Amino acid sequence: MTQTITVIRGDGIGPEIMDATLYVLDAMGVGLAYEEADAGLVALEKHGELLPQATMDSIRRTRIALKSPLTTPVGEGFSSINVELRKRFDLYANVRPAKSFPNTKSRFPSGVDLITVRENTEGAYIGEGQTITEDGETATLLQKVTRKGSERIVRYAFDLARSTGRKKVTVVHKANILKTTSGLFLKVAREVAAQYPEIECNEMIVDNTCMQLVMRPEQFDIIVTTNLFGDIISDLCAGLVGGLGLAPGANIGKDAAIFEAVHGTAPDIAGQGKANPCALLLGAAQLLDHIGKPDDATRLRKAIVATLEAQDNLTPDLGGTGTTMSFAKAIAGRT
Ligand code: NAD
């Protein structure tokens, strides 16, 4: 059965990597139809709004979006369109896999295969209650963590472990110092973990986690943590396996999910056919998993690995001379 998804082509290199990604998905015959919707600078120019109602309606209808990076112009209402989308659809789980790939400029060309599950809607990162005194000497920020928010993200991480056959969840916290916020998160995590006896659960303080990730990343399987820690850890993990060109991300809620590349619009190479499409393709693989097509997701990931192994038409960021589309065609040929 054909499933319709919302496609947001985005700004900068967005349209190029989206063309490449849809080319591969179509070549694979995964049974997707696309409803195009605008967001970002393109939407501002066409519709006078960064996030038009028609785009929101499309995501509400299809419940699934594949999104290229967007430019949020400085001084245009939202601090970030991406954050706004997460808020409006209550996309509480940010899910970022980091996996070693062959022939990449990586410190860990093998051995890393982990997923960071980051709480996306509360904690220090959302910037609530920010004040600064008139004399500019004292700044404050409110950090709110709830039982409900903690429970649903930890449960998401354990369910993900269960559904993907992963063996271990590491709960990352700073409860020794942040006794209320991180303490509540840890307490709830322990309660949830007890309901998944077949999955190993360990606890790690965030600073130690960063050191362990750099020294022995292979010990991690799934990491679950609060918003700000997850933001930093997931970029650290992308760095371990060769940077943003290979890092996808999903933002998942009860009623909608948005899949994307983690990198930005790369204005320095936009329009030149040099952009690496792999991050968005790997985001599409997460989408296929999410909509119940895990075999197609695996087929896509294997084709990406095989193309990297063969060094066939790799884009310049990976040391090749291929183009966005020739790389995509090489991947499609291996699916
Ligand atoms: P960026 O990720 O766009 O670029 C950083 C560097 O990585 C650049 O040198 C770029 O050429 C390179 N790069 C990024 N993606 C690449 C790819 N697929 N292939 C090859 N090289 C790639 O980060 P930035 O320059 O800080 O941000 C540019 C714009 O993107 C800003 O307007 C920012 O707001 C926006 N942004 C959007 C998102 C999103 O929509 N999810 C995320 C981050 C940044």
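What follows draws every value from the coordinates through simple rules; no lab data is involved. Not measured: the values here are computed from a predicted model. Neighbour counts run over all protein chains shown; Cβ positions are idealised from the backbone, glycine included.
Key figures for this structure:
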quantity: Rough spin-label spacing in nm, given labels placed 7 Å along Cα→Cβ, for Glu137 and Asp90; calculated: 4.4 nm
quantity: Paramagnetic reach from Ala310 (point 7 Å along Cα→Cβ, amide N under 18 Å) across region 18-46; calculated: 21, 23-29
quantity: Distance (nanometres) between label positions extended 7 Å along Cα→Cβ at Leu236 and Glu191; calculated: 2.8 nm
quantity: Whichever lysines have a C-alpha closer than 24 Å to that of Lys174, once near sequence neighbours (fewer than 8 apart) are set aside; calculated: Lys144, Lys148, Lys187
quantity: Placed amide H near Val262: partners under 5 Å, 5+ positions off or other chain; calculated: Ala247, Gly249
quantity: Two-decimal Rg to Rh for the chain - Kirkwood Rh, Cα set; calculated: 0.96
quantity: Principal semi-axes in Å for region 1-157 [√(5λ), Cα gyration tensor, largest first]; calculated: 30, 24, 18
quantity: Whole-Hz ³J(HN,Hα) from phi, Karplus 6.51 cos²θ - 1.76 cosθ + 1.60, for region 104-114, glycine and proline x; calculated: 10, 7, 10, 6, 10, x, 8, x, 9, 7, 9
quantity: Percent RCO, i.e. relative contact order, over region 113-240, from Cα pairs under 8 Å lying at least 6 residues apart; calculated: 38 percent
quantity: Rounded to whole Hz, the Karplus (6.51, -1.76, 1.60) HN-Hα couplings of region 46-57, x for glycine and proline; calculated: 7, 10, x, 9, 6, 9, x, 4, 4, 5, 4, 4
quantity: Amide H contacts of Ile64 (H built 1.01 Å from N, under 5 Å, at least 5 apart or other chain); calculated: Thr6, Ala257
quantity: Sorted peptide list for 98-108, 246-256, criterion being average Cβ within 10 angstrom, highest first; calculated: 246-256, 98-108
quantity: Within region 247-271: backbone nitrogen closer than 18 Å to the Gln3 label point (7 Å, Cα to C-beta); calculated: 249-261
quantity: Length-normalised contact order of the chain in % [C-alpha pairs under 8 Å, at least 6 apart]; calculated: 22 percent
quantity: In order through region 179-186: 3J(HN,Hα) via Karplus (6.51 cos²θ - 1.76 cosθ + 1.60), integer Hz, x for Gly, Pro; calculated: 5, 7, 5, 5, x, 5, 4, 5
quantity: Inter-label distance for Ala33 and Ser163, nm, one decimal - labels placed 7 Å from Cα along Cα-to-Cβ; calculated: 2.4 nm
quantity: Residues whose placed amide H lies under 5 Å from that of Gly320, excluding near-sequence neighbours; calculated: Thr315
quantity: Relative contact order of region 80-175, pairs being alpha-carbon contacts under 8 Å that are 6 or more residues apart, as %; calculated: 20 percent
quantity: Region 113-240: Cα Rg divided by the 2.2 N^0.38 Å rule of thumb; calculated: 1.10
quantity: CD proxy at 222 nm, helix term only [per DSSP H run n ≥ 4: -39500 (n - 2.57); per residue of the chain; nearest 500]; calculated: -12500 deg cm²/dmol
quantity: By average C-beta atoms within 10 angstrom, highest first, the peptides 58-69, 121-132; calculated: 58-69, 121-132
